[in-house]
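The values are calculated or read from the model by the stated rules, or taken from the named source; none is laboratory data. Bear in mind that the values here come from a model prediction, so they are computed numbers and not experimental data. Every residue, glycine among them, receives a Cβ derived from its backbone with ideal geometry; neighbour counts consider all protein chains shown. Surface accessibility is based on the protein's heavy atoms, side chains included, excluding ligands, DNA and RNA. Shrake-Rupley method; radii C 1.70, N 1.55, O 1.52, S 1.80 Å.
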Amino acid sequence: MTTFHTATLGCKINQYETRSIAEAWAGREAREVDDPREADLILVNSCAVTANAVADLRQTVRRFHRDNPEAGIIVTGCAAQVMPAELAKLPGVIRVVGQADKPQLLEGPEGEESGQDKPRFAPFSIKGYDRARAVVKVQDGCSHFCSYCIVPLTRGRSVSRPAAEVEDEVGRLLAAGFRELILSGINLRHYGRDLDGKPDFWDLVARLETIFGLDWAGRARLRISSVEPGQLTDKALDVLGRSRLVCPQLHLSLQSGDPDVLKAMGRGHYSPQSAVEFLERLKRFWPVMGLGADLITGFPGETEAQFENTMELCRALPLTYGHIFPYSERPGTRAAELPDAVDVPVRKERAARLRKLVSAKKSAFLKGLLELEHLDVLVQDGRGRGVSEYYAACRFAEPPGAEPRSLVRARPVRVDRGVMIVEKFFEDGDA
């Protein structure tokens, strides 16, 4: 029996697709192993968003080959789409499968096109997951072409998963014992544009609420992976305000707080200030909420004053964490050809200043959570790690007596190095 090991670099969608491929291989009399040194085949699902992601890929492949020179390495994913010839030369690599051909791997390590018409949405699906929080892929690709982003070149134009398929998978995962499901896509703002009736992402969330809310409210939850400020509409407010399933937490694909920088990025379709205004309105329904943001510093032409606009926006937003990156040139994107490049040390220094600001806001947020009577914590592993509904990392002071994937009501006790220490909450009559 062939043994295989999988490794995923990059986004939640890659994690989901890796799991789908692993399930398909295991269904073809192959066996997955945790230790790559015991594998006959190693699948590496790659990312190409930044230069560091590509460097990590090279190091990962070389390490696998060094530790297990007999294993054949298959590289797939976004980097495989844009640099197949280079990756094919790495030691141990026996096959490079671009993003467009990744569904072939569902037929096995040597899978090829079936000769039938390709489905509109690639047939990835999962029955389980190797993590406590399961990803549900609802959309793929992007049709926007931001000037700095290589994703449209690696994943193609936007395509949406039919709502009925999403419903089926949500139902399967809930029945399998998962209690937090992450609705994820490459650009959720584009969800539904290619479906009959053109439903948007909020229509999908409302539909899942209608189907699952009555049975699962308080017992399971949905989390939204990432949205754009342009999605924060009156409909969004209505759906989120009524939801019994969605975690009170959002992650914004914000990128900058300066309107002119956003236009240069190809993201002039939303106003940074609109996010502040929406979140103020959302407080009526979510008086406590987690909020993250993606932010890029040192984009070509960004002045100190424009960067300060980003700082000012982040001071105004109720941020609880941030994903902050110095701008990284990606060959093949429009931004790579823009004039007035910001010096790399300046990009990094601005990122450090922004991280310091967001870190202080995170600390204040966690201290505020100590005032709450309880948190709903998803147990992630046997070591007592968990995550709250607000996306705050938690650790149980004592074993919670619950299996991973369980939702446990817990009392916040203290904060230790950015982690909320909690203890199981016993209501009257429970203990």
Selection over the stretch 175-226 where residues are surrounded by fewer than 19 Cβ atoms within 10 Å (Cβ to Cβ) and acidic (Asp, Glu) yields a count of 4
Glu277 vs (1) under 23 Å from Lys362 (Cα atoms); (2) open to solvent by less than 60 Å² (accessible area, probe 1.4 Å); (3) free of Cβ contacts under 8 Å to residues at least 40 places away in the same chain: all pass except (2)
Scanning the stretch 61-94 residue by residue, those in contact with a Leu (Cβ under 7 Å, 6 or more places away or on another chain), open to solvent by less than 20 Å² (accessible area, probe 1.4 Å) and of a type in the set (Val, Ile, Thr) turn out to be Val61, Ile74, Val75, Thr76
Note on the stretch 280-324: residues over 20 Å from Lys356 (Cα atoms), open to solvent by 10 Å² or more (accessible area, probe 1.4 Å) and outside any loop (DSSP other than H, G, I, E, B) are Glu280, Arg281
* Test for Ala264: is it part of a helix (DSSP H, G or I), in contact with a Gly (Cβ under 7 Å, 6 or more places away or on another chain) and closer than 22 Å to Val49 by Cα -> yes
Subset of the stretch 240-255, residues of a type in the set (A, V, I, L, M, F, W, C) and either more than 19 Å from Pro287 (Cα to Cα) or open to solvent by 20 Å² or more (accessible area, probe 1.4 Å) (or both), comes to Leu254
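Results for (1) in a loop (DSSP other than H, G, I, E, B); (2) among the hydrophobic types (A, V, I, L, M, F, W, C), shown as yes or no for each residue.
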{"residue": "Glu167", "(1), (2)": "no, no"}
{"residue": "Val170", "(1), (2)": "no, yes"}
{"residue": "Gly177", "(1), (2)": "yes, no"}
{"residue": "Ala206", "(1), (2)": "no, yes"}
When every residue in the stretch 95-130 that is of a type in the set (Lys, Arg), within 24 Å of the chain's Cα centre (by Cα) and open to solvent by 80 Å² or more (accessible area, probe 1.4 Å) is compared, the one modelled with the highest pLDDT is Lys127
Answer yes if at least one residue in the stretch 351-370 is at pLDDT 95 or above, aromatic (Phe, Trp, Tyr), surrounded by 15 or more Cβ atoms within 10 Å (Cβ to Cβ) and in a helix (DSSP H, G or I), and no otherwise.
yes
